[in-house]
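The values are calculated or read from the model by the stated rules, or taken from the named source; none is laboratory data. Predicted model only: the values in this text are computed from it and were never measured. Ideal geometry is used to build each Cβ from the backbone, glycine not excepted, and the neighbour counts take in all protein chains shown. Only protein heavy atoms, including side chains, enter the accessible area calculation; ligands, DNA and RNA are left aside. Shrake-Rupley method; radii C 1.70, N 1.55, O 1.52, S 1.80 Å.
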Amino acid sequence: YLLDKSDKYDSRDVERLQQDDKWVENYLIWRHDVVDDTLKMIDESFQWRKEYTVNDLTESVLPKWLFENGSLFLHGYDKEGYKLFWFRVKHHTRDPKQQLEKKKLVAFWLEHYAKRDHGKPLTVVFDMAETGISHIDLDFVRFIVNCFTDYYPNFLTKIVIFEMPWIMNAAFKIVKGWLGPDAISMLKFTNKSDVQEYISGEYLPPHMGGTDSFKYSYPPLVDDDFQTPLCENGPITSEDEHESKEEIDADTKETVELNEEQNLNQKKMNSIEQISKSEETDKTEIKPKNSKKALTTFKGPLLHISPAEELYFGSKETGEKKCLIVLTNVTKNIVAFKVRTTAPEKYRVKPSNSSCEPGTSLDIIVSLHGGFAASLQDRFLIMAAEMDQSSGAVVPELTQFWKEVPRTKVMEHRLRCHVIESSKPSSLTLKENTCNIAAKTNEDLHIQLTHLLQMSKRLQERIDHCLWFQQLSVVLSLLSVTVVAFCFYLAYTQRS
(Lines give C-alpha, C1' and ligand atoms only; values in the text may rest on other atoms or scores of the structure.)
Protein backbone atom coordinates (compact mmCIF):
# COMPACT_ATOMS: atom_id res chain seq x y z
CA TYR A 1 0.00 0.00 0.00
CA LEU A 2 2.78 2.43 0.88
CA LEU A 3 4.57 1.81 -2.40
CA ASP A 4 1.45 2.22 -4.52
CA LYS A 5 -0.37 4.99 -2.65
CA SER A 6 2.21 6.92 -0.62
CA ASP A 7 1.05 10.15 -2.25
CA LYS A 8 -2.51 9.50 -1.00
CA TYR A 9 -1.49 9.29 2.68
CA ASP A 10 -0.47 11.96 5.18
CA SER A 11 3.12 11.19 6.23
CA ARG A 12 2.17 12.03 9.85
CA ASP A 13 -0.38 9.20 9.86
CA VAL A 14 2.16 6.75 8.45
CA GLU A 15 4.72 7.76 11.08
CA ARG A 16 2.16 7.40 13.86
CA LEU A 17 1.13 3.94 12.64
CA GLN A 18 4.75 2.81 12.77
CA GLN A 19 5.15 4.06 16.35
CA ASP A 20 1.74 3.70 18.01
CA ASP A 21 1.06 0.03 18.81
CA LYS A 22 -2.26 0.94 20.41
CA TRP A 23 -3.56 2.42 17.16
CA VAL A 24 -2.55 -0.71 15.23
CA GLU A 25 -4.22 -2.91 17.84
CA ASN A 26 -7.48 -0.95 17.59
CA TYR A 27 -7.58 -1.54 13.83
CA LEU A 28 -6.98 -5.27 14.37
CA ILE A 29 -9.63 -5.53 17.09
CA TRP A 30 -12.23 -3.73 14.97
CA ARG A 31 -11.56 -6.14 12.08
CA HIS A 32 -11.51 -9.26 14.29
CA ASP A 33 -7.73 -9.83 13.84
CA VAL A 34 -8.14 -10.49 10.09
CA VAL A 35 -4.97 -8.89 8.70
CA ASP A 36 -6.20 -8.38 5.12
CA ASP A 37 -9.37 -6.63 6.32
CA THR A 38 -7.30 -4.56 8.74
CA LEU A 39 -4.94 -3.39 6.00
CA LYS A 40 -7.88 -2.48 3.80
CA MET A 41 -9.43 -0.41 6.61
CA ILE A 42 -6.13 1.39 7.30
CA ASP A 43 -5.78 2.16 3.59
CA GLU A 44 -9.31 3.58 3.33
CA SER A 45 -9.10 5.56 6.56
CA PHE A 46 -5.69 7.03 5.69
CA GLN A 47 -6.95 8.20 2.29
CA TRP A 48 -9.98 9.72 3.98
CA ARG A 49 -7.84 11.44 6.62
CA LYS A 50 -5.74 13.13 3.91
CA GLU A 51 -8.79 14.08 1.84
CA TYR A 52 -10.39 15.79 4.84
CA THR A 53 -7.03 17.17 6.12
CA VAL A 54 -7.90 15.72 9.53
CA ASN A 55 -4.49 16.44 11.09
CA ASP A 56 -4.83 20.15 10.26
CA LEU A 57 -8.46 20.72 11.30
CA THR A 58 -8.64 23.50 13.90
CA GLU A 59 -11.19 26.04 15.06
CA SER A 60 -9.59 28.68 12.86
CA VAL A 61 -10.01 26.76 9.58
CA LEU A 62 -13.72 25.99 10.11
CA PRO A 63 -16.50 28.59 9.81
CA LYS A 64 -17.51 30.05 13.17
CA TRP A 65 -21.22 29.50 12.50
CA LEU A 66 -20.64 25.72 12.54
CA PHE A 67 -19.63 25.87 16.21
CA GLU A 68 -22.35 28.40 17.07
CA ASN A 69 -25.04 26.16 15.57
CA GLY A 70 -24.84 23.67 18.45
CA SER A 71 -25.82 20.56 16.48
CA LEU A 72 -22.58 18.72 17.37
CA PHE A 73 -20.55 18.83 20.58
CA LEU A 74 -18.95 16.72 23.33
CA HIS A 75 -20.37 16.94 26.84
CA GLY A 76 -20.83 14.64 29.83
CA TYR A 77 -20.41 10.89 30.30
CA ASP A 78 -22.58 7.78 30.19
CA LYS A 79 -22.94 5.35 33.10
CA GLU A 80 -19.83 3.44 32.01
CA GLY A 81 -17.70 6.57 32.06
CA TYR A 82 -17.53 7.06 28.28
CA LYS A 83 -17.67 10.57 26.79
CA LEU A 84 -20.95 11.59 25.12
CA PHE A 85 -20.88 12.87 21.52
CA TRP A 86 -24.15 14.76 21.02
CA PHE A 87 -25.94 15.23 17.70
CA ARG A 88 -28.90 17.58 18.25
CA VAL A 89 -30.81 16.69 15.10
CA LYS A 90 -33.32 19.57 15.38
CA HIS A 91 -30.48 22.07 14.83
CA HIS A 92 -29.39 20.37 11.60
CA THR A 93 -30.78 21.35 8.21
CA ARG A 94 -30.12 19.65 4.91
CA ASP A 95 -28.00 21.82 2.63
CA PRO A 96 -25.72 20.27 -0.05
CA LYS A 97 -23.60 23.45 -0.20
CA GLN A 98 -22.68 23.18 3.49
CA GLN A 99 -22.38 19.40 3.64
CA LEU A 100 -18.58 19.20 3.30
CA GLU A 101 -17.99 21.78 6.03
CA LYS A 102 -20.41 19.96 8.37
CA LYS A 103 -18.62 16.68 7.73
CA LYS A 104 -15.30 18.32 8.54
CA LEU A 105 -16.84 19.50 11.83
CA VAL A 106 -17.57 15.86 12.71
CA ALA A 107 -13.97 14.94 11.86
CA PHE A 108 -12.71 17.89 13.92
CA TRP A 109 -14.57 16.79 17.05
CA LEU A 110 -13.55 13.14 16.73
CA GLU A 111 -9.90 13.98 16.11
CA HIS A 112 -9.92 16.59 18.89
CA TYR A 113 -11.21 14.03 21.37
CA ALA A 114 -9.01 11.17 20.10
CA LYS A 115 -5.84 13.21 20.62
CA ARG A 116 -6.97 14.68 23.92
CA ASP A 117 -8.18 11.47 25.59
CA HIS A 118 -5.80 9.00 23.89
CA GLY A 119 -8.49 7.33 21.81
CA LYS A 120 -10.79 6.18 24.59
CA PRO A 121 -14.14 5.10 23.01
CA LEU A 122 -17.17 7.36 23.22
CA THR A 123 -20.96 7.07 23.08
CA VAL A 124 -22.97 8.81 20.33
CA VAL A 125 -26.33 10.35 21.27
CA PHE A 126 -28.81 11.20 18.51
CA ASP A 127 -31.24 13.57 20.25
CA MET A 128 -34.21 13.47 17.88
CA ALA A 129 -36.69 15.34 20.06
CA GLU A 130 -38.76 17.90 18.11
CA THR A 131 -37.56 16.64 14.71
CA GLY A 132 -39.41 15.90 11.49
CA ILE A 133 -38.94 15.21 7.79
CA SER A 134 -37.08 18.49 7.22
CA HIS A 135 -34.29 17.28 9.52
CA ILE A 136 -33.76 13.90 7.81
CA ASP A 137 -30.34 13.87 6.16
CA LEU A 138 -29.35 10.28 5.42
CA ASP A 139 -26.13 11.30 3.69
CA PHE A 140 -24.92 13.11 6.82
CA VAL A 141 -26.02 10.27 9.11
CA ARG A 142 -24.22 7.80 6.87
CA PHE A 143 -21.04 9.88 7.13
CA ILE A 144 -21.19 9.83 10.94
CA VAL A 145 -21.74 6.06 10.88
CA ASN A 146 -18.83 5.58 8.45
CA CYS A 147 -16.54 7.57 10.72
CA PHE A 148 -16.95 4.91 13.40
CA THR A 149 -17.19 1.82 11.20
CA ASP A 150 -14.43 2.68 8.69
CA TYR A 151 -12.23 5.55 9.88
CA TYR A 152 -11.97 5.50 13.70
CA PRO A 153 -11.36 1.89 14.79
CA ASN A 154 -12.70 0.58 18.09
CA PHE A 155 -13.94 4.09 18.91
CA LEU A 156 -17.66 3.45 19.44
CA THR A 157 -19.36 1.93 22.49
CA LYS A 158 -23.02 2.48 21.58
CA ILE A 159 -25.42 4.76 19.69
CA VAL A 160 -28.24 6.05 21.90
CA ILE A 161 -31.18 7.26 19.79
CA PHE A 162 -33.64 9.37 21.80
CA GLU A 163 -37.30 9.69 20.79
CA MET A 164 -37.03 8.79 17.13
CA PRO A 165 -40.25 9.93 15.37
CA TRP A 166 -42.27 7.12 13.79
CA ILE A 167 -41.96 8.86 10.44
CA MET A 168 -38.22 8.13 10.51
CA ASN A 169 -38.58 4.36 11.00
CA ALA A 170 -38.15 3.72 7.29
CA ALA A 171 -35.08 5.96 7.18
CA PHE A 172 -33.39 4.12 10.03
CA LYS A 173 -34.05 0.77 8.39
CA ILE A 174 -31.77 2.09 5.64
CA VAL A 175 -29.22 3.17 8.25
CA LYS A 176 -29.20 -0.32 9.74
CA GLY A 177 -28.27 -1.65 6.32
CA TRP A 178 -25.07 0.42 6.45
CA LEU A 179 -24.07 -0.95 9.83
CA GLY A 180 -22.27 -4.23 10.36
CA PRO A 181 -23.54 -6.78 12.90
CA ASP A 182 -21.26 -5.34 15.60
CA ALA A 183 -22.53 -1.80 15.13
CA ILE A 184 -26.20 -2.88 14.93
CA SER A 185 -25.90 -4.43 18.39
CA MET A 186 -24.76 -1.02 19.66
CA LEU A 187 -28.00 0.74 18.65
CA LYS A 188 -30.12 1.68 21.69
CA PHE A 189 -33.56 3.15 20.93
CA THR A 190 -34.76 5.08 23.99
CA ASN A 191 -37.33 7.54 25.24
CA LYS A 192 -37.78 9.58 28.41
CA SER A 193 -38.67 6.54 30.50
CA ASP A 194 -35.65 4.34 29.75
CA VAL A 195 -32.80 6.59 28.55
CA GLN A 196 -31.35 6.61 32.09
CA GLU A 197 -30.46 2.95 31.69
CA TYR A 198 -27.47 4.24 29.72
CA ILE A 199 -26.97 7.86 30.85
CA SER A 200 -27.54 9.12 34.38
CA GLY A 201 -29.80 12.13 34.96
CA GLU A 202 -26.91 14.45 35.87
CA TYR A 203 -25.79 14.43 32.21
CA LEU A 204 -29.25 14.56 30.62
CA PRO A 205 -31.04 17.83 29.80
CA PRO A 206 -34.50 18.44 31.30
CA HIS A 207 -36.35 17.56 28.08
CA MET A 208 -34.79 14.07 28.35
CA GLY A 209 -35.83 13.70 31.99
CA GLY A 210 -32.47 14.78 33.46
CA THR A 211 -31.17 17.55 35.69
CA ASP A 212 -28.22 18.83 33.61
CA SER A 213 -28.49 22.64 33.40
CA PHE A 214 -25.81 22.79 30.69
CA LYS A 215 -26.70 25.06 27.77
CA TYR A 216 -24.56 24.99 24.69
CA SER A 217 -22.81 28.21 23.71
CA TYR A 218 -19.72 29.15 21.72
CA PRO A 219 -17.04 30.35 22.39
CA PRO A 220 -15.25 28.80 24.20
CA LEU A 221 -15.04 25.27 22.85
CA VAL A 222 -17.23 22.95 24.91
CA ASP A 223 -15.15 20.87 27.30
CA ASP A 224 -15.35 19.04 30.63
CA ASP A 225 -16.73 21.15 33.44
CA PHE A 226 -13.51 21.32 35.44
CA GLN A 227 -13.86 23.46 38.55
CA THR A 228 -11.31 25.83 40.05
CA PRO A 229 -10.05 26.62 42.58
CA LEU A 230 -9.83 23.15 44.06
CA CYS A 231 -9.54 23.38 47.83
CA GLU A 232 -6.91 21.15 49.43
CA ASN A 233 -9.21 20.39 52.35
CA GLY A 234 -12.39 19.61 50.46
CA PRO A 235 -15.32 21.99 49.89
CA ILE A 236 -14.92 25.33 51.63
CA THR A 237 -18.49 25.27 52.96
CA SER A 238 -18.03 22.11 55.02
CA GLU A 239 -14.30 22.29 55.88
CA ASP A 240 -13.54 18.66 56.74
CA GLU A 241 -16.72 18.03 58.74
CA HIS A 242 -16.50 14.31 58.04
CA GLU A 243 -12.82 13.78 58.67
CA SER A 244 -11.03 13.47 61.97
CA LYS A 245 -7.75 15.07 62.97
CA GLU A 246 -6.13 11.62 62.94
CA GLU A 247 -6.96 11.17 59.24
CA ILE A 248 -5.45 14.56 58.36
CA ASP A 249 -2.31 13.80 60.41
CA ALA A 250 -2.05 10.44 58.64
CA ASP A 251 -2.24 12.21 55.27
CA THR A 252 0.53 14.60 56.30
CA LYS A 253 2.70 11.76 57.54
CA GLU A 254 2.15 9.79 54.34
CA THR A 255 3.04 12.84 52.25
CA VAL A 256 6.28 13.32 54.19
CA GLU A 257 7.18 9.63 53.81
CA LEU A 258 6.48 9.72 50.06
CA ASN A 259 8.57 12.87 49.60
CA GLU A 260 11.45 11.28 51.52
CA GLU A 261 11.25 8.20 49.30
CA GLN A 262 11.13 10.39 46.19
CA ASN A 263 14.22 12.35 47.30
CA LEU A 264 16.04 9.11 48.00
CA ASN A 265 15.21 7.78 44.56
CA GLN A 266 16.38 11.05 43.00
CA LYS A 267 19.78 10.73 44.72
CA LYS A 268 20.09 7.15 43.54
CA MET A 269 19.50 8.17 39.95
CA ASN A 270 22.47 10.56 40.11
CA SER A 271 24.93 7.74 40.74
CA ILE A 272 25.55 4.91 38.25
CA GLU A 273 26.83 2.57 40.94
CA GLN A 274 23.82 3.16 43.15
CA ILE A 275 21.44 2.62 40.21
CA SER A 276 22.83 -0.85 39.61
CA LYS A 277 22.54 -1.65 43.31
CA SER A 278 19.00 -0.34 43.50
CA GLU A 279 17.99 -2.47 40.49
CA GLU A 280 19.28 -5.57 42.25
CA THR A 281 17.46 -4.76 45.47
CA ASP A 282 14.26 -3.88 43.59
CA LYS A 283 14.10 -7.43 42.27
CA THR A 284 13.97 -8.82 45.79
CA GLU A 285 12.32 -6.00 47.72
CA ILE A 286 9.09 -4.52 46.31
CA LYS A 287 7.28 -2.10 48.59
CA PRO A 288 3.49 -1.98 48.28
CA LYS A 289 3.50 1.81 48.60
CA ASN A 290 5.67 2.19 45.52
CA SER A 291 3.59 -0.21 43.44
CA LYS A 292 1.35 2.64 42.29
CA LYS A 293 4.38 4.38 40.78
CA ALA A 294 4.87 1.41 38.44
CA LEU A 295 1.94 2.61 36.33
CA THR A 296 2.46 4.06 32.87
CA THR A 297 3.79 7.59 32.48
CA PHE A 298 2.53 10.39 30.26
CA LYS A 299 5.54 12.21 28.83
CA GLY A 300 4.58 15.81 28.24
CA PRO A 301 6.82 18.67 27.10
CA LEU A 302 6.92 20.19 30.60
CA LEU A 303 5.95 17.42 33.00
CA HIS A 304 6.02 13.65 33.06
CA ILE A 305 2.85 12.50 34.82
CA SER A 306 2.31 9.12 36.45
CA PRO A 307 -0.15 7.42 36.18
CA ALA A 308 -0.75 8.27 32.53
CA GLU A 309 -4.52 7.78 32.25
CA GLU A 310 -6.40 6.55 35.32
CA LEU A 311 -6.55 7.03 39.08
CA TYR A 312 -7.57 3.86 40.89
CA PHE A 313 -10.09 4.26 43.72
CA GLY A 314 -11.99 1.57 45.58
CA SER A 315 -15.73 1.25 45.98
CA LYS A 316 -17.40 1.86 49.34
CA GLU A 317 -16.78 -1.81 50.16
CA THR A 318 -13.05 -1.79 49.39
CA GLY A 319 -12.29 1.42 51.24
CA GLU A 320 -9.47 2.54 48.90
CA LYS A 321 -9.84 6.34 49.05
CA LYS A 322 -6.40 7.71 48.16
CA CYS A 323 -4.29 7.93 45.01
CA LEU A 324 -0.86 9.26 44.20
CA ILE A 325 0.08 11.42 41.20
CA VAL A 326 3.80 11.92 40.53
CA LEU A 327 4.89 14.99 38.55
CA THR A 328 8.44 15.23 37.18
CA ASN A 329 9.74 18.53 35.80
CA VAL A 330 11.70 17.81 32.59
CA THR A 331 12.52 21.45 31.79
CA LYS A 332 15.31 23.79 32.91
CA ASN A 333 12.88 26.23 34.54
CA ILE A 334 10.36 26.15 37.35
CA VAL A 335 7.00 24.72 36.18
CA ALA A 336 3.81 25.98 37.81
CA PHE A 337 0.88 23.55 37.95
CA LYS A 338 -2.64 23.36 39.25
CA VAL A 339 -5.15 20.52 39.49
CA ARG A 340 -8.82 20.89 38.62
CA THR A 341 -11.67 18.37 38.79
CA THR A 342 -15.24 17.90 37.61
CA ALA A 343 -16.30 17.03 41.19
CA PRO A 344 -14.60 19.44 43.65
CA GLU A 345 -17.03 18.56 46.42
CA LYS A 346 -15.66 14.99 46.53
CA TYR A 347 -11.88 15.33 46.54
CA ARG A 348 -8.98 16.83 48.46
CA VAL A 349 -5.76 17.40 46.53
CA LYS A 350 -2.44 18.21 48.23
CA PRO A 351 -0.94 20.30 46.74
CA SER A 352 -3.47 21.54 44.19
CA ASN A 353 -1.72 24.74 43.10
CA SER A 354 2.06 24.91 43.36
CA SER A 355 5.30 24.71 41.37
CA CYS A 356 7.98 22.12 40.66
CA GLU A 357 11.72 22.83 40.54
CA PRO A 358 13.77 21.89 37.44
CA GLY A 359 14.69 18.19 37.28
CA THR A 360 12.78 17.26 40.44
CA SER A 361 9.67 15.18 41.16
CA LEU A 362 6.70 16.07 43.32
CA ASP A 363 3.97 13.88 44.79
CA ILE A 364 0.31 14.89 44.78
CA ILE A 365 -2.06 13.08 47.14
CA VAL A 366 -5.65 12.79 45.88
CA SER A 367 -8.11 11.59 48.51
CA LEU A 368 -11.87 11.27 48.73
CA HIS A 369 -13.51 13.73 51.09
CA GLY A 370 -15.81 12.46 53.84
CA GLY A 371 -18.23 9.71 52.85
CA PHE A 372 -18.07 10.32 49.10
CA ALA A 373 -17.29 7.53 46.62
CA ALA A 374 -15.38 7.86 43.36
CA SER A 375 -17.30 7.69 40.10
CA LEU A 376 -16.31 6.69 36.56
CA GLN A 377 -17.60 10.07 35.39
CA ASP A 378 -15.13 12.03 37.56
CA ARG A 379 -12.19 13.65 35.77
CA PHE A 380 -9.03 15.49 36.78
CA LEU A 381 -7.19 18.11 34.74
CA ILE A 382 -3.53 18.93 35.37
CA MET A 383 -2.47 22.28 33.93
CA ALA A 384 1.20 23.24 33.72
CA ALA A 385 3.14 26.23 32.42
CA GLU A 386 6.83 27.09 32.39
CA MET A 387 7.90 30.05 34.53
CA ASP A 388 10.69 31.54 32.43
CA GLN A 389 13.61 32.89 34.47
CA SER A 390 16.04 33.31 31.61
CA SER A 391 15.89 37.08 31.94
CA GLY A 392 16.68 36.92 35.64
CA ALA A 393 13.31 38.34 36.61
CA VAL A 394 11.75 37.47 39.94
CA VAL A 395 9.30 34.56 39.82
CA PRO A 396 5.77 36.04 39.95
CA GLU A 397 3.09 34.96 42.39
CA LEU A 398 1.17 31.92 41.15
CA THR A 399 -2.18 33.71 41.14
CA GLN A 400 -0.85 36.53 39.01
CA PHE A 401 1.12 34.11 36.84
CA TRP A 402 -1.98 32.10 35.85
CA LYS A 403 -3.81 35.31 34.97
CA GLU A 404 -1.07 36.42 32.59
CA VAL A 405 0.19 33.18 31.00
CA PRO A 406 -1.07 32.68 27.41
CA ARG A 407 -3.28 29.62 26.96
CA THR A 408 -1.08 28.44 24.08
CA LYS A 409 1.77 27.93 26.56
CA VAL A 410 -0.27 25.84 29.00
CA MET A 411 0.16 22.06 28.93
CA GLU A 412 -3.00 20.13 29.83
CA HIS A 413 -3.39 16.48 30.72
CA ARG A 414 -6.54 14.66 31.82
CA LEU A 415 -6.93 11.71 34.15
CA ARG A 416 -9.97 9.46 34.53
CA CYS A 417 -11.18 7.71 37.66
CA HIS A 418 -11.30 3.92 37.83
CA VAL A 419 -13.34 2.23 40.56
CA ILE A 420 -12.06 -1.11 41.81
CA GLU A 421 -14.79 -3.48 42.96
CA SER A 422 -14.13 -6.22 45.52
CA SER A 423 -16.29 -8.83 47.19
CA LYS A 424 -13.82 -9.29 50.08
CA PRO A 425 -13.48 -6.08 52.08
CA SER A 426 -10.96 -7.40 54.62
CA SER A 427 -7.89 -5.19 55.09
CA LEU A 428 -5.42 -7.95 54.15
CA THR A 429 -7.25 -8.80 50.94
CA LEU A 430 -7.53 -5.13 50.06
CA LYS A 431 -3.80 -4.57 50.30
CA GLU A 432 -3.05 -7.62 48.18
CA ASN A 433 -5.62 -6.67 45.56
CA THR A 434 -4.36 -3.09 45.45
CA CYS A 435 -0.79 -4.22 44.79
CA ASN A 436 -1.84 -6.70 42.12
CA ILE A 437 -4.03 -4.20 40.30
CA ALA A 438 -1.45 -1.43 40.50
CA ALA A 439 1.19 -3.75 39.09
CA LYS A 440 -0.84 -4.24 35.94
CA THR A 441 -0.78 -1.31 33.57
CA ASN A 442 -3.93 0.20 32.20
CA GLU A 443 -2.99 -1.04 28.74
CA ASP A 444 -2.70 -4.66 29.94
CA LEU A 445 -6.12 -4.57 31.58
CA HIS A 446 -7.66 -2.92 28.53
CA ILE A 447 -6.15 -5.51 26.18
CA GLN A 448 -7.41 -8.42 28.28
CA LEU A 449 -10.90 -6.93 28.54
CA THR A 450 -11.01 -6.20 24.82
CA HIS A 451 -9.96 -9.74 23.94
CA LEU A 452 -12.67 -11.15 26.23
CA LEU A 453 -15.28 -8.93 24.60
CA GLN A 454 -14.15 -9.98 21.13
CA MET A 455 -14.32 -13.67 22.09
CA SER A 456 -17.79 -13.10 23.49
CA LYS A 457 -18.89 -11.42 20.24
CA ARG A 458 -17.51 -14.28 18.15
CA LEU A 459 -19.29 -16.87 20.29
CA GLN A 460 -22.51 -14.89 19.95
CA GLU A 461 -22.08 -14.77 16.18
CA ARG A 462 -21.57 -18.54 16.05
CA ILE A 463 -24.68 -19.09 18.15
CA ASP A 464 -26.65 -16.78 15.85
CA HIS A 465 -25.37 -18.71 12.81
CA CYS A 466 -26.36 -22.02 14.42
CA LEU A 467 -29.83 -20.72 15.25
CA TRP A 468 -30.21 -19.37 11.73
CA PHE A 469 -29.12 -22.70 10.24
CA GLN A 470 -31.47 -24.56 12.56
CA GLN A 471 -34.40 -22.36 11.53
CA LEU A 472 -33.49 -22.76 7.88
CA SER A 473 -33.34 -26.54 8.29
CA VAL A 474 -36.77 -26.59 9.92
CA VAL A 475 -38.23 -24.46 7.11
CA LEU A 476 -36.67 -26.66 4.42
CA SER A 477 -37.88 -29.79 6.17
CA LEU A 478 -41.42 -28.46 6.37
CA LEU A 479 -41.21 -27.41 2.74
CA SER A 480 -39.98 -30.88 1.73
CA VAL A 481 -42.78 -32.58 3.67
CA THR A 482 -45.30 -30.25 2.02
CA VAL A 483 -43.95 -31.00 -1.47
CA VAL A 484 -43.95 -34.77 -0.86
CA ALA A 485 -47.47 -34.64 0.53
CA PHE A 486 -48.60 -32.59 -2.46
CA CYS A 487 -47.00 -35.09 -4.87
CA PHE A 488 -48.78 -37.98 -3.13
CA TYR A 489 -51.99 -36.02 -3.34
CA LEU A 490 -51.58 -35.42 -7.09
CA ALA A 491 -50.71 -39.10 -7.71
CA TYR A 492 -53.74 -40.19 -5.71
CA THR A 493 -56.13 -37.86 -7.53
CA GLN A 494 -54.80 -38.98 -10.95
CA ARG A 495 -55.33 -42.63 -10.10
CA SER A 496 -58.83 -42.02 -8.80
request  = Calculate, for GLU397 and LEU39, the FRET efficiency according to 1/(1 + (r/R0)^6) with r their C-beta to C-beta distance and R0 45 Å; round to the nearest 0.05.
outcome  = 0.20
key: Within the range 397-416: backbone nitrogen closer than 20 Å to the THR296 label point (7 Å, Cα to C-beta)   = 412-416
remark   = At R0 = 45 Å the Cβ-Cβ FRET efficiency linking LYS173 and ASP56, nearest 0.05, sits at 0.75
request  = Take the cross-link list LYS83/LYS158; LYS5/LYS40; LYS173/LYS215; LYS79/LYS346; LYS321/LYS350; LYS5/LYS102 and give me the ones stretching past 20 Å between alpha-carbons.
outcome  = LYS173/LYS215; LYS5/LYS102
key: Calculated FRET value between LEU452 and ARG12, using beta carbons and R₀ = 41 Å, to 0.05   = 0.80
key: Net charge of Cβ neighbours under 9 Å - reference GLN47; Lys, Arg +1; Asp, Glu -1   = +1
ask   = What is the gain in length, in nm to one decimal, between ALA114 and LYS90 on full extension, counting 0.36 nm per residue of separation less the C-alpha to C-alpha distance?
value = 6.0 nm
remark   = With every protein chain kept in place and a 1.4 Å probe, the range 57-208 has an accessible area per residue in Å² of 41
ask   = Given PRO206, LEU57, HIS135, which one lies farthest toward the positive end of the charge dipole of the range 57-208, if we put +1 on the Cβ of every Lys and Arg and -1 on the Cβ of every Asp and Glu?
value = LEU57
ask   = Tell me, what HN-Hα J-couplings in whole Hz come from the Karplus equation 6.51 cos²θ - 1.76 cosθ + 1.60 at θ = phi - 60° for each residue of the range 146-154, using x for Gly and Pro?
value = 4, 4, 8, 7, 10, 10, 10, x, 6
query = How much length is gained if the chain between ASN191 and TRP65 is pulled fully straight, taking 0.36 nm per residue apart and subtracting their Cα-Cα distance, in nm to one decimal?
reply = 42.4 nm
query = When the Debye formula is applied to the Cα atoms of the range 57-208, each taken as the same point scatterer, what base-10 log of I(q)/I(0) results at q = 0.08, 0.13, 0.17 Å⁻¹?
reply = -0.21, -0.57, -1.05
key: Span from the the range 105-148 Cα centroid across to the the range 344-369 one, whole angstrom   = 36
query = With the Cα gyration tensor of the range 339-387 giving a ≥ b ≥ c as the square roots of its eigenvalues, does the rule (a/c under 1.5 for rounded; else a/b larger than b/c for prolate; else oblate) give rounded, prolate or oblate?
reply = prolate
key: Prolate/oblate/rounded call for the range 11-52, Cα gyration tensor, a/c under 1.5 rounded   = oblate
ask   = Per q in 0.13, 0.21 1/Å, what log10 I(q)/I(0) does a Debye calculation on the alpha-carbon atoms of the range 298-419 return?
value = -0.53, -1.16
inquiry  = When 1/r is averaged over all different Cα pairs and the result inverted, which Kirkwood radius in Å belongs to the range 1-119?
reply    = 16.2
